[in-house]
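Participant: Following this message is one structure expressed as structure tokens.
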Amino acid sequence: MLASSSVGSARSNLFDLAASGMNRAFSKANAAGAQIANGDIEPQPFVDLIEAKASLKANAAVMRTADEMLGTLLDEKA
């Protein structure tokens with residue numbers, strides 16, 4: 001059985017990793033948006049936007065899953 005401190009630590013680590021990934025995706029999207037706004041019509045900024053969107057969705061799913069897992073662990077312990 002996991003100790004409550006290790007559960008909290010694992011949850012914190014998962015959320016930190018997902019938040020970090022989301023921040024990177026936002027930065028990538030902002031940079032690509034700025035390139036497009038400045039008239040860059042090369043394909044790469046558009047590809048970067050699509051990649052950023054996929055990264056945001058994936059990191060949000062990690063956060064949701066970590067939240068659901070923690071809730072399940074707390075329900076089992078209670």
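The values are calculated or read from the model by the stated rules, or taken from the named source; none is laboratory data. Source: prediction; values computed, not measured. Counting neighbours? That spans all protein chains shown, and the Cβs are built from the backbone with ideal geometry, glycine included. The area values use the complete protein model at the heavy-atom level, side chains included, leaving out ligands, DNA and RNA. Shrake-Rupley method; radii C 1.70, N 1.55, O 1.52, S 1.80 Å.
Participant: How much solvent-accessible surface does ILE50 expose, in Å² to the nearest 10, with a 1.4 Å probe and all protein chains in place?
Facilitator: Near enough 120 Å² of accessible area.
Participant: On alpha-carbon atoms, Rg over Rh for region 25-73 using Kirkwood Rh?
Facilitator: 1.25
Participant: Between THR72 and SER12, with labels modelled 7 Å along Cα→Cβ, what's the label distance in nm to one decimal, could you check?
Facilitator: Taking the simple label geometry, THR72 and SER12 are separated by 2.4 nm.
Participant: At a Förster radius of 25 Å, what calculated FRET efficiency corresponds to the Cβ-Cβ distance of GLN44 and THR65, to the nearest 0.05? Intermediate values should be presented prior to the final figure.
Facilitator: Working: r = 31 Å, r/R0 = 1.25.
Computed FRET efficiency for GLN44 and THR65: 0.20.
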